[in-house]
Each structure stands twice: as C-alpha cells, then as structure tokens.
1. Please arrange ASP90, ASP263 by how many other C-beta atoms lie within 10 Å of their C-beta, fewest to most.
2. Starting from the Cα-Cα distance between ILE253 and TRP92, subtract it from 0.36 nm times their residue separation and give me the gain in nm to one decimal.
3. What shape does the chain have by the C-alpha gyration tensor, where a ≥ b ≥ c are the square roots of the eigenvalues, rounded means a/c under 1.5, and otherwise prolate means a/b greater than b/c and oblate the rest?
4. For a quick check, take a GNM of the chain with Cα springs below 10 Å and name the residue from LEU274, LEU213, LEU53 with the largest mean-square fluctuation.
5. Anything in the chain that counts as a DSSP H helix reaching 18 Å or more along its axis (C-alpha) with Kyte-Doolittle mean of at least 0.5? List them, would you?
6. Springs between alpha-carbon pairs under 10 angstrom, Gaussian network model over the chain: which of ALA130, ALA286, ALA83 fluctuates most?
7. Before rounding to the nearest 500, sum -39500 (n - 2.57) across all DSSP H runs of length at least 4 in the chain and divide by the residue total; then give [θ] at 222 nm in deg cm²/dmol.
8. Ranked by Cβ crowding within 10 angstrom, fewest neighbours first, how are THR93, THR107, THR238, THR211 ordered?
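Nothing in this text is a laboratory measurement; each read-out follows from the coordinates by a stated rule. Computed from a predicted model, the values in this text were never measured in an experiment. Backbone-built Cβ (ideal geometry, glycine too); neighbour counts: all protein chains shown.
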Amino acid sequence: MPPALYALTAGAFGIGVTEFVIMGLLIDVGKDLGVSISAAGLLISGYAFGVVLGAPLLGIATAKLPKKPLLLALMVVFTLGNAACALAPDYWTLMAARVVTAFAHATFFGVGSVVATSLVAADKKATAIAVMFTGLTAANILGVPFGTWLGQHYGWRSTFWAVTLIGFVALAVIQFLVPRRLPADAATTSEDGGSLSVLVRPAVLVGLAVTVLSWIGIFGAFTYIAPLLTEVAGFPETAVSPILLVFGGGLLIGNLLGGKLADKRLTATVIGTLAVLALTLVAMAAAIHQQIAAVFFVGLLGAVGFATVAPLQLWVLGKAGDGGQSLVSSFNIAAFNLGNALGAWLLGLVIDHGPGLAAVPLFAALSPVLALAIATVAIRREQRQALVPVEAAAARC
C-alpha cells in the first residue's frame, strides 16, 4: 500500500479519538462544568449532528478543490476545534466547539475514501478504504482507553490537548506523505459540486438508506453494551473494559476482512455482511445471558459490524458514477453517524417503553434485516437492467 494511505490512517485515528473518547469522560465533564450526565451525553449527539450537517455544507463547498490542500484544511479545522474544546469555559462553548470540530469529520473520511481508492489498483479499492478506517478502529482500541485514563487522572481538558497534538502530527504526516498531485484530482472537474442532484439518484439514495439502517443495528446494540454485560450477563463493572478490548479486536479484524472480501466480490460481500450482522444480533439476544458466549458475541459484533464499512462505502461510491464521488462519499459517512444517533435513540425506547434491556440485540437486528432486504432488491434490479442491453443485442444478431 502507498505511504499516502497511512497518512490518511493517521488522520482517521485522530478524528476517531475525538469522536468517541467523550463517552469515557462524561462524569468528569459533567462535574467540572456543572451539568448532569444526560446533558454531558448530549455532547455525543452534538458531534453526530455536526457530522451530518457538515456533510452537505462542506461537501458541496469543497467538491471541486484539490484533494491534498482540502485534507490539510480539514485537519486544521479538526486541530483548532479540539484546542477550543480544551479551552472551553462552559458547557455551551464546549458543545459549539464539538459541533464545529465534527464539521471536518464527514468530509475528511469522504474525501479520504476517494483519495484512497485512487491510489491503488481496481482490485484493491475496498482494502484501501479499510486501511484508512483502521485508524478509526485503532482509535477505539488504543486512543479511547488511553484518552479516558488521561482525562480521569489529569482532567478531561488534558485529553483534548492530547488530541490536538495528534492533529498536528496528522497534519505533518499528510503534508509529507500525500503527493501534491493525486489521481483523485483528475476527476475534480467532473464533480457535481454545485448542486445536490447526484444525491437524488435512486441508486445513491438506496445506498445511503442501507448504510443508515445497518448502523442503527450496530450502534444501537453497542451503545448499551455495558449495561447488557453487567445487568444481563452478570459481569462486574470492572470486567467491562477488558471485554471492550475484545470488541476492539473484532473491529480491527472485521474491517480488514471486509475490505479484502469486497475487493473480490463487492455485491456478494454487501449482502453477506448484512446477513451475518442480522444473524449475529439475533443470536446475541440469547448468548448475552451466558458469560462466555456473551464475550464471544461482543467480539463477533465488532468484527461483523466493521466488516460492513468498506463494502458499503465502496458500493455507494460506485453509485456516484464519474462525478460527485467526494460528495456522495461524505454523505455516506454522515449516514453512518445518523445510524449511530438513531440507533442509540430507538434502542433506548426499547429499554424504557418496550421489552427492556435484554431485548436490545433482538430489536437491533430488525434494521439490518430491512437493510438486507432493500440491498437485495436493489442489486437484483441492477442485474436485470444490465441484462437488458445484452439480450437486445443478442436479439438483433
């Protein structure tokens, strides 16, 4: 893989840490700023809102810009945003800084996906996306636990200063490793940056819907993994962190495996990963009552969940055609985050007003099942449409 790809991985690592580390610092932030835990939790929702809002705003505004300067500019926004978080004097300033920081998220991953696929051969595109997203998995495995420890021992602001430092490092790595002229820049002039017309294509809308639905299930289950482990499986609270390392290991394995499989058979991998995800969540509903089985399925959820990332991203990129790839790619990143937000909310309703906590994995399986049905219908329709010109040509002969 080209060195430039690992520069994108470094940027993805920093962005992943700043997105997820707040989960381990909610108590510290709440105490310091004088807000409740639930109010502190809205800092997670605020970030997700920033990602979804930033996709159309920055996606359209930057679609025709050269990719390397754009990546550097996005990392500057990210770095300054984290410094603003560290300096925030009150809750609402911190919220605003989180939202602004999140603006860079969707566009960085969206543009990064386009750059990554342009740097490699056609049969390595999904693997290239997976390598970039390895930074996100590493953030969950290494960055978030360390950031949580740092914040708990030296104050939550120290964590954001550390992430700011990561931003400077990522800036330097991108500057030195990413070429000034990229293959992705050749398609810049054909980007449909002036309008959202590419996003109303039925194939693109289907791809975005499948991404949202699949990640409602993944993040809906993961959001409540700690209470599932303690209140349903019967683990002590001290066991949660080590078990989450199993989840992180699954993320890493599944991410790379999904990329390699998608490079060989993309549509089959999209269908296969969605099917296995749904089955995993259904089986997890029973397995969560047994401790050994629960640990196994936590790791499996991580693997299967992130095995969907590269296939879904490459699948949606293909729907954009020659123009509008950066915009569509950014919107698909926003779709992942919208699924995260909706998953946490919908499965919270299951806990508060439905069958309860133990039913979370089973209800989480419903959205991947729906995603699988939509993807299957869409793929079969595409295959039938592809056969029509062939059959017409054969009839003329």
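1. So the ranking, lowest neighbour count to highest, is ASP90, ASP263.
2. Length gained, ILE253 through TRP92: 54.1 nm.
3. Verdict is oblate for the chain.
4. Evaluated over the chain, the most mobile residue of the options is LEU53.
5. Sorted by number, the helices that extend far enough and score high enough are 3-20, 37-62, 67-87, 91-118, 125-138, 156-177, 202-223, 240-264, 266-287, 291-307, 325-353, 366-396.
6. Result for the chain, Cα springs under 10 Å: ALA286 fluctuates most.
7. -27000 deg cm²/dmol
8. Listed from fewest to most nearby Cβ atoms, that is THR238, THR93, THR211, THR107.
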